[in-house]
Amino acid sequence: MANRIHQLADCMSPFIGDDTNIWQFCVIFPEAHIGNHCNVCANVIIENDVVVGDNVTIKSGVQLWDGITLEDNVFVGPNVTFTNDQAPRSKNKSFVKLQTIVRKGASIGANSTIVGGIEIGAYAMVGVGSVVTHNIPAHALCYGNPARQMGFVTRSGLLLDMDYKDKEGVKHDLDE
C-alpha cells in the first residue's frame, strides 16, 4: 500500500513506510525514518536523527528532536514534549545530543514531558501530564511530576496495582 502525505505537509524524507499517514502542517526532515502503518497527526515535527518503528501513532503537536527512537506499536499522545539537551542555550551548536528510546508497545499520555537521555520500557504507560526525569521499567504505570511508578500495565493495556492486581483484586500476568 502507498503512504498518504497531506499536500500541506512538508515531508522531505524518502524514508516513509507503506500505509503511513502524514497529516497537514507536519515537517519531516530529510533523514528521518518512519515505519509502516504509522499515523503522524497534524502539527508534528520530526528531525533528521529520529527513527519511528511500525504501527506508531503520534498525535498532534508532538516534536521528535534528533536522538529520539520510537520502537514498534508506540503511542505518543497530543502535545507530548521531548527534550534532547541537558543544558540548552541559544545558538549552542556544540551541545551534547541525548539519546531517548521508547520501547515497543509503550504509551505516553497527553501533555507529558520526557527529559532527554532516558528509556521508557516496553509496554510501559506514562500518565497524562507527567514529567519523566528517569528511566521507566517495562510494564510500569507511571505518572506525576516527577513521574513515579504507581502500578503495572499488561501487554494488552490492563492497569494493575503494585501487587499485579486489577481493580477487582484479580492477580494478572504482565504478558496477558
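Output the residues belonging to segment 123-135 that are surrounded by 20 or more Cβ atoms within 10 Å (Cβ to Cβ) and part of a loop (DSSP other than H, G, I, E, B).
Once the filter is applied, which keeps residues that are surrounded by 20 or more Cβ atoms within 10 Å (Cβ to Cβ) and part of a loop (DSSP other than H, G, I, E, B), segment 123-135 yields Tyr123, Ala124, Ser130.
Counting only residues that are among the small types (Gly, Ala, Ser), farther than 22 Å from Asn48 by Cβ and either in contact with a Gly (Cβ under 8 Å, 6 or more places away or on another chain) or part of a strand (DSSP E or B) (or both), how many does segment 65-122 have?
7
Does Gln7 satisfy the condition of being in contact with a Leu (Cβ under 6 Å, 6 or more places away or on another chain), farther than 23 Å from Val128 by Cα and outside any strand (DSSP E or B)?
For Gln7, the condition - in contact with a Leu (Cβ under 6 Å, 6 or more places away or on another chain), farther than 23 Å from Val128 by Cα and outside any strand (DSSP E or B) - is not met.
Kindly indicate whether Ala138 is under 30 Å from Ile5 (Cβ atoms), out of contact with any Cys (no Cβ under 6 Å at 6 or more places or on another chain), of a type outside the set (Lys, Arg) and part of a loop (DSSP other than H, G, I, E, B).
Taking the combined requirement at face value, the residue does not satisfy it.
Condition check ((1) among the hydroxyl-bearing types (Ser, Thr, Tyr); (2) within 12 Å of the chain's Cα centre (by Cα); (3) closer than 20 Å to Gly17 by Cα; (4) surrounded by fewer than 16 Cβ atoms within 10 Å (Cβ to Cβ)) across all residues:
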site: Gly35; (1), (2), (3), (4): no, no, yes, no
site: Leu64; (1), (2), (3), (4): no, yes, yes, no
site: Arg89; (1), (2), (3), (4): no, no, no, yes
site: Ile101; (1), (2), (3), (4): no, yes, yes, no
site: Lys104; (1), (2), (3), (4): no, yes, yes, no
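Within segment 36-60, how many residues turn out to be part of a loop (DSSP other than H, G, I, E, B) and closer than 22 Å to Leu98 by Cα?
Of the residues in segment 36-60, 6 are part of a loop (DSSP other than H, G, I, E, B) and closer than 22 Å to Leu98 by Cα.
For residues that are in a strand (DSSP E or B) and touching a Lys or Arg at 6+ places or on another chain (Cβ under 6 Å), scanning just segment 143-176, find the one that is surrounded by the most Cβ atoms within 10 Å (Cβ to Cβ).
For segment 143-176, the residue satisfying everything is Lys165.
From the list Lys93, Lys97, which residue is modelled with pLDDT under 95 and under 27 Å from Ser60 (Cβ atoms)?
Unique residue meeting the criteria: Lys97.
For Glu119, indicate whether it is of a type outside the set (S, T, N, Q) and either more than 14 Å from the chain's Cα centre (by Cα) or exposed (fewer than 15 other Cβ atoms within 10 Å of the Cβ) (or both).
no
The values are calculated or read from the model by the stated rules, or taken from the named source; none is laboratory data. A quick note: this is a predicted structure, and the numbers were derived from the prediction, not measured. Neighbour counts are summed over all protein chains in view; Cβ atoms, including those assigned to glycine, are modelled from backbone coordinates with ideal geometry.
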